[in-house]
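Here is the structure we will look at, set down as structure tokens.
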Amino acid sequence: MFAGAFMMGAKDRLLPPSVPFRFFVTATLLHVVGWAVLAAGAGDLAGFTGGLGLPLAGLHVITLGVLAMAGMGAAFQMLPVATRRQLGPVWACHLTWVLFTPGVIILSLGLATGLVWALHGGATLTVAGLALFGVLIGRNLMQVSDLPGVTRHAWLAVASLAVLAGLGLLLVVDIDRGFLPDRAAFAAAHAMVAGYGFMGMLAMGFSYVLIPMFVLSQGVPDAVGKRTALLSAVALVLGVGGALAGLGPVSALGALVGLGTVFVYLKAQAAVLKGRMRKRLETFFRLVKAAWVVLPLSLLAAIALALGLAPDITAPLWGLLLVFGWLLSFVTGILQRIMPFLASMHSGANGGKPVLLSHLVWEPALTVHVLCHGGAILLLAVGLSLKSPPVLTAGAVLGLVGAVSFASFTWVMMRRYLAYENAKNKGTP
Amino acid sequence: MAEVMESSGREAGGPPGWLAQALDAPILDVRPSLADGEDPLGLILDAAEGVEFGGFLVIDAPFNPSPLRRVLAARGFSSYGRRLTSAHWRVFFHMDGGQDWERDAEIEMLPEGALTWSEEDGLHVDVRKLTPPLPMLAILRLIDGHPELAALVVHHERLPQFLIPELAERGWRVVRSTEDFADVRLWLEKAG
């Protein structure tokens, strides 16, 4: 045993459940809000390539309120345990939520209505929350010399976070000042660095830890993680740089490198699945698998868009595949599994009998969520391709039904978890 | 100079035949890193990755790095250790498929690289220095693969929080734990 490892101590850097669960529950609620806003603005989705209104607001409720919110909760909980290094004071994690949550809501209000005070105030709070998150994660990563497959993706996520926040602020200020030379190019770069950079790198890095843990299989070799991190960095620089410079073919080349990255990543995950001990994969894995199918499709759409092929169709289709098909499928799939898992873990963390995972999971609600989510993506893809408002509305409503079902699962799970904890504290579990 | 020899793969009564070649290999001294409170495992594993079949790796450490030897055994290295002083060990590693390790062992090595052996208080498993999630896999493999097993002693390097839900689903739990230098020990039991 090495002294360095001993100095880490046996005490895990496990943050209290109030940290991750406030992020997860908020993400679950905003998931419903996001789909509801999209359903309300579904008539404007056809041919959507940007501009204020309900589609942009709904998109940001999903990207910031669900994807980033869940990513933060997961990172706060998982990263210090995985790296065995302190992440930061608990109050700072809570402060992140306090800044970020109202920021997202106010910013989304501004994006829907064009209210300048909401745009500026919301963006400021949102970026403040993201910046604090980035600092906390960065401090943790700076102490880590091992786990390169995970930490390099996390570093890329932190770097992307800085870029996306900067670009986002520029875009918000540009709404009433109009100083950007090519707003569409900045918006595309912002979307790329947010979707593939910040959230994509978090998803890819954490999946190297979470997927083997959930399916009980050997982890992904560090060499593979290093390779995908390097390829991702190249793809992001080409993609974002090409967009900012107005060089479509360079962005397309970036997406092509991204496809190569995805191939390496998925090959590694296929090996993980092949060697797994848990033969029956739970409901959550349907969403994860669907996300893995859509991820390369989103890059193909990105190539078509970068090359200028039917942008009125490929632009919204790319956004759908990236945000809803890849990221939202993956994140809600992981949430389906990680929330009851963490609840069970925390209930047994002090040596008591933990609540069973199977007791926490309300399976029918998860199945409904999966089916509705998949149906919604399909309908929205058809609706965007045909530019059909009724089909788009039907897709968004189906997504809303799925989100409500997922929220009901979260409600039941939290109620069972808290009831168990209360009973345990009274000595009658 | 006091010299204690410990080998996984020596010829009966003496050092292994490959030692003569290993003596010429450069030495990676991890004592300064450890003195600075740094974990040199990544450095060592990087060095080990560069060793081709038939090659050697030599580590100087302030103690016998048993968990490291087991980790590298799982990667195909036989090892031979010498205690040069009370606070200085030199361990020679030979990339030969690690076959000697198994031949020499009083213990059984699981596919994850964990070691199991029996003591008076039951079956023990050492999962130290394994990369997550391998410790969890090794423990669950034992539990799932031995329905007759009612208790298990785990040698870990930290409290494995992520294991708790999986144990609970199988009707197992941690009944006791102790924390010593380099050994967080957990007593697991199947609920009656």
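Please treat every number below as a calculation from the coordinates, not as lab data. From a predicted model like this one, the values you see are computed outputs, not experimental measurements. Cβ sites come from the backbone with ideal geometry, for glycine too, and all protein chains shown count toward neighbours.
Tabulated values for the structure
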item	result
Span from the the range B:32-93 Cα centroid across to the the range A:97-139 one, whole angstrom	49 Å
The range A:223-264-the range A:357-420 distance, computed between alpha-carbon centres (Å)	32 Å
Nearest-20 debye value, the range B:108-190 charge dipole, Cβ charges on Lys, Arg, Asp, Glu	280 debye
Size-normalised alpha-carbon gyration radius of the range A:293-429, reference 2.2 N^0.38 Å	1.38
Residue order, fewest to most beta carbons within 10 Å, for B:R31, B:R69	B:R31, B:R69
Anchor A:K387: lysines whose Cα lies under 30 Å away (excluding residues fewer than 8 positions away in-chain)	A:K289
Convex hull of chain A built on C-alpha atoms - directionally averaged projected area, nm²	19.7 nm²
Span-like helix ranges in chain A, DSSP H, alpha carbon extent 24 angstrom or more, Kyte mean at least -1.0	A:18-40, A:90-113, A:116-142, A:148-177, A:222-245, A:248-274, A:284-306, A:329-347, A:363-386, A:389-425
Globularity index of the range A:132-193, i.e. its alpha-carbon radius of gyration over 2.2 N^0.38 Å	1.42
Size of charge dipole - the protein assembly as shown - debye, nearest 20, with Cβ of Lys, Arg +1 and Asp, Glu -1, no other charges	1600 debye
Cα-based reach from A:K424 at 21 Å (exclusive), listing lysines while leaving out same-chain residues under 8 positions away	A:K353, B:K190
The range B:108-190: Cα Rg divided by the 2.2 N^0.38 Å rule of thumb	0.97
Hydrodynamic radius by Kirkwood, which averages 1/r over all alpha carbon pairs of the range A:248-363, in angstrom	16.4 Å
Relative contact order of chain A, defined on C-alpha pairs under 8 angstrom at six or more residues apart (%)	17 percent
